[in-house]
Amino acid sequence: MLSRRGFLQGLGAAAASLALRPLHGVSTEGDIYRNARIGLAVERPAGWSFSSIADFANLRAQALLLDEFPDALHALKDPTNLPVFLFENSAHRQGHFAPAITLYDEPLRGGTPGDQLKAHANMVGWLGRSYQQCRILEAPVEVSVSGADATRCRWTYRHQLESGESAALYVQSVLVFRPPQVHTYYLVDRYPDRHTGDPVWDRFIASIAYRS
């Protein structure tokens, strides 16, 4: 499994290639999103919309992080480290926050880990070195998606901006190893008072389908 520094460097390297052609091979039909480049189809939650990746990157640059990496080198602030897509539910926007789903497509170094549940817990632990009040609510478990093995973890952290605005967030991360890549989905809501019920999250995860 990657060292934390290698993990962060890998995030930036993958996103640099995505930034060049972010819509390459992408199509939509109703709420169905397809990405031919990574062999993926998912169903966007009803009433949700695509949101600006550029606005997301600008807001992320304002986040306060706990660790020592300078902003210019930190993968969690790297402007080339972009998600594949960003879905949001603007009906529940409060300040800069709205319930959201993002996907990151990153290079997998060292092959698929033998213990994917432990690897997922370690990933949350690495993020906890950067994010405030980060803790696992429910340990990673196996989850079924079409065409791939996946794990799902529920955790929380406090997202704080340079302006002083902050929010406790509820995160479900879904981790899919597909050598030579690893896909990480982040399903984000408020914590502890959530706007989005489990049936919405469960339906989205069940819609994830990879081409064989």
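The values are calculated or read from the model by the stated rules, or taken from the named source; none is laboratory data. Being a predicted model, the structure only gives us computed values, none of them experimental. Counting neighbours? That spans all protein chains shown, and the Cβs are built from the backbone with ideal geometry, glycine included. Protein only, heavy atoms only, side chains kept; ligands, DNA and RNA dropped before computing areas. Shrake-Rupley method; radii C 1.70, N 1.55, O 1.52, S 1.80 Å.
Of all residues in the stretch 26-60, exactly one satisfies the criterion of being closer than 14 Å to ILE101 by Cα, open to solvent by 50 Å² or more (accessible area, probe 1.4 Å) and in a helix (DSSP H, G or I), namely PHE56.
Would you mind stating whether LEU103 is of a type in the set (A, V, I, L, M), part of a strand (DSSP E or B) and without any contact (Cβ under 8 Å) to a residue 40 or more places away in the chain? Before you say what the answer is, go through the steps one by one.
Numbers: of a type in the set (A, V, I, L, M): yes; part of a strand (DSSP E or B): yes; without any contact (Cβ under 8 Å) to a residue 40 or more places away in the chain: no.
It is false that LEU103 is of a type in the set (A, V, I, L, M), part of a strand (DSSP E or B) and without any contact (Cβ under 8 Å) to a residue 40 or more places away in the chain.
Sub-6 Å Cβ pairs linking a first residue in the stretch 109-121 that is small (Gly, Ala, Ser) to a second residue that is open to solvent by less than 60 Å² (accessible area, probe 1.4 Å), at least 6 apart or interchain, are ALA119/PRO113; ALA121/PRO140, ordered by first then second residue. Contact map, the stretch 36-59: residues that are within 15 Å of THR196 (Cβ to Cβ) paired with residues that are in a loop (DSSP other than H, G, I, E, B), Cβ distance under 6 Å, separation 6+ or inter-chain. Pairs shown: GLU43/ASP31; ARG44/ASP31; TRP48/ASN89. If you check SER173 against the conditions, is it modelled with pLDDT under 95 and either assigned to a strand (DSSP E or B) or over 15 Å from the mean Cα position of the chain (by Cα) (or both)? It is false that SER173 is modelled with pLDDT under 95 and either assigned to a strand (DSSP E or B) or over 15 Å from the mean Cα position of the chain (by Cα) (or both). Looking only at the stretch 108-146, residues that are touching a Gly at 6+ places or on another chain (Cβ under 9 Å), surrounded by fewer than 18 Cβ atoms within 10 Å (Cβ to Cβ) and within 23 Å of LEU86 (Cβ to Cβ) come to 1 in all.
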